[in-house]
Amino acid sequence: MIHQTRSSLLATLPFAFSILGLAGVNLAYAQEPAKVLRAGMIGLDTSHVPAFAKIFNNPQAAGDLAGIKVVAGYPGGTDIPASRDRVGRFTEQLRGMGVEIVDSIPKLLEEVDVILLESVDGRIHLQEAIPVIKAGKPLFIDKPVAGSLADAVAIYDLAKKHNVPCFSSSSSRFGAGMRAIKQSQEVGQITGVITWGPCSYQEGTPDMFFYGIHGIERLFALMAPGCTSVSRFQGQDADVVTGVWNDGRIGTYRGIRRGKSSSGAVVFGTSSIVQPEGSGSYEDLCGEIGRFFKTGKPPVSAEETIEIFAFMEAADESKRQGGAPVSLAAVLAKARSEAAAKSIE
């Protein structure tokens, strides 16, 4: 009986060792580090460049920030002072972090998996985005997504045509306070929102595109899309832009050009009126970018971003018309016609 037991045990040993061997292989596979996504930056003329690179390249980065490394950058730049006067300084900061600096976008695309388009001048975003999209690289575009509504439409249409993940957003929508408000039972249904913040202009683009985008992004994050018309009034120190939504709700942005210029929001609900605490940080935005690069799923849809820029384009048109309400559908139809005329293949 003892002999049979030993024989049975010996007979099972090869099978047992093979199972252990497979388990070892699986364990080794599970412990194998995930592939690091190589990120490239286009447009090294904004403080976002060294800030984002430090966040992604931090050896202690965890969660959505882990597994992405900025490895190369293309300086780019234009003639506007905000670009011309800063591109050299931020390029050297990036070089000092061990990031390779290349002399063209095609060269950059050869060396990276994903792209952060950071150029401070939105007017060149379309021409910089075209080769990225045609190369099939997932693309984050820093604010503003483009220098015109037509260019924004063209970028997203091209990304859709080539099935390339693409998104743009201000960091202002991703703060913990904003998330808490959206999930709060205390507020009830949101009936209206007022946001405010600094609103300096950038020559060559609609007034709200450059800095007003932060407060308007926050407005849409809280109200959700559905704005139908916009009226704008420009005073000596501030702009007030008011939108009417398709369900009758009203959302307002106050862009502060002089005086105290902190950012904030007031949310009017069926149950209470509240003010979200804090604002989104670079870490919050980079976390969203990291998740996007890994999943290919944008946290903000193309449709919402285009509506935000239609809102801002309509604000400029309202200003030209002395504050008259301007239909978002009208400015968007015009922009789509202009985008189609560009005939980008």
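One line per residue, one yes/no per condition, for (1) under 27 Å from Ser172 (Cβ atoms); (2) part of a strand (DSSP E or B):
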site: Gly73; (1), (2): yes, yes
site: Gly77; (1), (2): yes, no
site: Arg95; (1), (2): no, no
site: Phe140; (1), (2): yes, yes
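Filter the range 142-171 down to the residues that are in a loop (DSSP other than H, G, I, E, B) and of a type in the set (Ser, Thr, Tyr), then identify the one that is farthest from the chain's Cα centre (by Cα).
The residue in question is Ser148.
Of the conditions (1) free of Cβ contacts under 8 Å to residues at least 12 places away in the same chain; (2) in contact with a His (Cβ under 7 Å, 6 or more places away or on another chain); (3) of a type in the set (Ser, Thr, Tyr), Ser263 clears all except one; give me its number.
For Ser263, the exception is condition (1).
Please indicate, with yes or no, whether at least one residue in the range 55-70 is among the small types (Gly, Ala, Ser) and under 30 Å from Pro206 (Cα atoms).
First, the residues of the range 55-70 that are among the small types (Gly, Ala, Ser): 61-63, 66-67.
If we keep only those that are under 30 Å from Pro206 (Cα atoms) too, we end up with none.
Checking the range 55-70: not a single residue is among the small types (Gly, Ala, Ser) and under 30 Å from Pro206 (Cα atoms).
In the range 313-341, how many are in contact with a helix residue (DSSP H, G or I) (Cβ under 9 Å, 6 or more places away or on another chain) and over 13 Å from Phe233 (Cα atoms)?
15
Pairs needed: first member in the range 232-252, touching a residue at least 24 places away in the same chain (Cβ under 8 Å); second member anywhere, among the aromatic types (Phe, Trp, Tyr) and not in a loop (DSSP other than H, G, I, E, B); C-beta distance under 7 Å; at least 6 residues apart or different chains.
Sorted first by the residue in the range 232-252, then by its partner, the pairs are Val241/Tyr253; Gly243/Phe311; Gly251/Trp245.
It is to be established whether one or more residues within the range 183-195 are in contact with a Gly (Cβ under 8 Å, 6 or more places away or on another chain), in contact (Cβ under 8 Å) with a residue 24 or more places away in the chain, over 28 Å from Val274 (Cβ atoms) and among the aliphatic types (A, V, I, L, M).
no
Please determine, by comparing only the residues of the range 305-336 that are in contact (Cβ under 8 Å) with a residue 60 or more places away in the chain and among the polar types (S, T, N, Q), which one is surrounded by the most Cβ atoms within 10 Å (Cβ to Cβ).
Result: Thr305.
Since Gln321 meets every condition but one in (1) polar (S, T, N, Q); (2) more than 22 Å from the chain's Cα centre (by Cα); (3) at pLDDT below 95; (4) farther than 21 Å from Tyr156 by Cβ, which condition does it not meet?
The failed condition is (3).
List every residue pair whose Cβ atoms sit under 9 Å apart, with the two residues 6 or more apart in sequence or on different chains, where the first one lies in the range 206-218 and is in contact (Cβ under 8 Å) with a residue 12 or more places away in the chain and closer than 18 Å to Leu285 by Cα and the second, anywhere, is aliphatic (A, V, I, L, M) and part of a loop (DSSP other than H, G, I, E, B).
Sorted first by the residue in the range 206-218, then by its partner, the pairs are Phe210/Val120; Ile213/Val145; Glu217/Val300.
With Ile133, Ile115 as the choices, which residue is in contact with a His (Cβ under 9 Å, 6 or more places away or on another chain) and closer than 25 Å to Thr295 by Cβ? I'd like the intermediate steps shown before the answer.
Numbers: Ile115 fails: in contact with a His (Cβ under 9 Å, 6 or more places away or on another chain).
Checking each option against the conditions leaves just Ile133.
Residues Val114, Val120: which one is more than 19 Å from Phe311 (Cβ to Cβ), touching a Phe, Trp or Tyr at 6+ places or on another chain (Cβ under 9 Å) and surrounded by 24 or more Cβ atoms within 10 Å (Cβ to Cβ)?
Going through Val114, Val120 in turn, just one is more than 19 Å from Phe311 (Cβ to Cβ), touching a Phe, Trp or Tyr at 6+ places or on another chain (Cβ under 9 Å) and surrounded by 24 or more Cβ atoms within 10 Å (Cβ to Cβ): Val120.
Test of understanding: among Gly255, Gly264, which residue is touching a Cys at 6+ places or on another chain (Cβ under 6 Å) and either of a type outside the set (Ser, Thr, Tyr) or at pLDDT 95 or above (or both)?
The match here is Gly255.
Give just the number: which of (1) among the β-branched types (Val, Ile, Thr); (2) buried (at least 22 other Cβ atoms within 10 Å of the Cβ); (3) out of contact with any helix residue (DSSP H, G or I) (no Cβ under 6 Å at 6 or more places or on another chain) does Ile155 not satisfy?
All conditions pass for Ile155, except number (3).
Just to be sure, is Ala330 of a type in the set (Gly, Ala, Ser), in contact with a Lys or Arg (Cβ under 9 Å, 6 or more places away or on another chain) and not in a loop (DSSP other than H, G, I, E, B)? I'd like the intermediate steps shown before the answer.
On the way: of a type in the set (Gly, Ala, Ser): yes; in contact with a Lys or Arg (Cβ under 9 Å, 6 or more places away or on another chain): no; not in a loop (DSSP other than H, G, I, E, B): yes.
For Ala330, the condition - of a type in the set (Gly, Ala, Ser), in contact with a Lys or Arg (Cβ under 9 Å, 6 or more places away or on another chain) and not in a loop (DSSP other than H, G, I, E, B) - is not met.
Could you check how many residues of the range 183-205 are buried (at least 17 other Cβ atoms within 10 Å of the Cβ) and within 16 Å of Ala82 (Cα to Cα)?
Residues in the range 183-205 being buried (at least 17 other Cβ atoms within 10 Å of the Cβ) and within 16 Å of Ala82 (Cα to Cα): 3 in total.
The values are calculated or read from the model by the stated rules, or taken from the named source; none is laboratory data. Everything numeric here is computed off the predicted structure, so don't read it as measured data. In this analysis, Cβ positions are derived from the backbone assuming ideal geometry, glycine residues included, and neighbour counts consider all displayed protein chains.
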